[in-house]
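Worksheet for the structure shown next.
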Amino acid sequence: MLLLVKFSPRMSRKVTIPEVPESVEELQNILKEKLELQGSFALQYEDPDFNNAPCNLIDIHDLPPERAILHILWDETFPLVQQESDSVGSESSLDTAILSSRESFQSPSAFIRNHLRSVSEWPSPFPIPSFSYDVELRLRKGNEAYERTKKGITLTRDMKIDILDKISQAVFELKAYPDHDQIESVASDLISRHPCLREPGSETGYGGWKTSIKYKLGNYRSKLRQAGGTEVSINQRKRGSEDASTSPSLKRAKRGEINHLPDHPENYNDDSLENERLVLVEDFKRKNKNVALIRQNMELTFSLRRSEIVELQPMVSEILEHWPALFCEEEIREEFYRITNRNLLENFKEALQQNTCRLLKLYRARRTASLSEMDQVLNSLDQVTSDITAHRQTAALKGLPLYLRESQEKLFRTCLATDPDEEQTKGLTVGILTVLEDDDTTVPQSVVSVAVVVEEEIVLQDLPDLPTAFAYLFGLIYALNIQYPKDLKYTFETVQKVFMELGADLSARVRSLKNKLVQ
């Protein structure tokens, strides 16, 4: 039997085996022996019945007879290849040397993680990059002279261009559209590292640098836009266009996303990633799902998914059809991590635990006769005798929109199990639905299910409690690029900027709450 084994878009090997193995595991062992591979991997084969689309190899009998094309999908870690002797005279040792390269064996997961930004917080101090050798030499001499004379150097045009070019690239690697304070921090850290660049007569010493960095970064984005950079091209407006309908709305990352709209990985385009998406949909339909393969393909198709969601803004029902795996609990957590580099459940629950006690004290302090809904939240807490921690956290979340003077009923809804399905979610844009047992005389009533609702559709259900459901709802808002509802913008801003620490520019109402929480 003749096999063509593909390790990556750039690397493949031809392998001949005497007969078809009895199982997929036996085939994997044969490949490990013949190709001298180490590490765990799964296999896909190109199915001739579906125009050679890659399919997961679960049953060895699915393999085409006589000859087949296989794709190796590596697990999270980089596999290693056993090294031969230092001799490269033989074809075998030469192939092994090639195959042992990091690029050839990079798994989709590792490849995508290296392709995306990974710094979720703006660094302080900002890591000023190294400049060209001659510029670094002049700056070093200038810094030494500044220590003695407190006089800066005279910048040449070439020096300033080199400095600004390197800094704009370093800034863009962290964030495409930094805010005012972040650009100021770069300018400040630049003259801290190179005091000879301090501007004489300037109060701060870096005002001109801040302006230059701002405009240089804009020019750098223009170059990337002309080169086809997705993240900046989407915000391009036609020159001279005054009609808002002909110009795209700005789709910048505004909620602390570090990977809002990334470019496709190298060697992939819309068509090849669409093929991967179709494979992913078929994999997800299987009764016994291969979670590792689904996760790898979700990471590989991340740029395609973000392009579709951010640019086309489809309905949730369409996303459910195109990306069904996105609505699994594990993939919601993974997608949130890809976008923000933050752990969804861990960070949310840790912040909620830290703030629950203080929030409840603030609620009780504001408790008045006019706040009947807040009374209901606190009275329900007073009636609880078991699992007090979960109920306190639930009360803290339910009281948050009330404390911020927003609409609680547009976020939290309760219904009976016997209520018609269409009535349970009617009018609920984004929210959490708690289904209670009917004909239940206990106080509080027994909870049948806790579900997450988006655009009047239940997208996640049978969750253990309301805090967990709230975390997944927040994750889906990022994954689906949904705007915060106007009646709940302060509630979600609190979760984003106070709980999850994604962004620091607080509204006056949220800043007031944060100050009270830290008192």
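Taken together, the values in this text are just the output of simple stated rules run on the coordinates, not laboratory data. Predicted model only: the values in this text are computed from it and were never measured. FYI the Cβ positions are ideal-geometry reconstructions off the backbone, even for glycines, and counts take in every protein chain you see.
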Cα-based Kirkwood hydrodynamic radius, the range 270-340, one decimal, Å = 12.3 Å
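So for Y337, Y133, Y268, Y478, fewest C-beta neighbours within 10 Å to most, what's the order?
Going from sparsest to densest Cβ surroundings: Y133, Y337, Y268, Y478.
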How do C55, C357 rank when sorted from fewest to most other Cβ atoms within 10 Å of their own Cβ?
-> C357, C55
With contacts defined as alpha carbon pairs under 8 Å and 6 or more residues apart, what's the relative contact order of the range 133-236 in percent?
-> 30 percent
Assuming a ≥ b ≥ c are the square roots of the Cα gyration tensor eigenvalues, decide whether the range 256-304 counts as rounded (a/c under 1.5), prolate (otherwise, with a/b larger than b/c) or oblate.
-> oblate
Sequence ranges 465-472, 359-366, ranked by mean other-Cβ count within 10 angstrom, highest first | 465-472, 359-366
Along each of its three principal axes, how wide is the spread of alpha-carbon positions in the range 422-479, in whole angstrom units, largest first?
-> 39, 24, 13
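Once a ≥ b ≥ c are taken as the square roots of the eigenvalues of the Cα gyration tensor of the range 344-517, is the result rounded (a/c under 1.5), prolate (a/b larger than b/c) or oblate (a/b not larger than b/c)?
It is oblate, given that a/c is not under 1.5 and a/b is not larger than b/c.
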Which aspartates and glutamates have a Cα less than 16 Å from the Cα of K254, not counting those fewer than 8 places away in the same chain?
-> E121, D179, D181, E231, E311, E493, E501, D505
So which aspartates and glutamates can K289 reach, going by Cα to Cα under 15 Å and dropping same-chain residues fewer than 8 places off?
-> D59, E329, E330, E331
Global geometry of the range 133-236, whether rounded, prolate or oblate, following the gyration tensor of its Cα atoms and the 1.5 cut on a/c = prolate
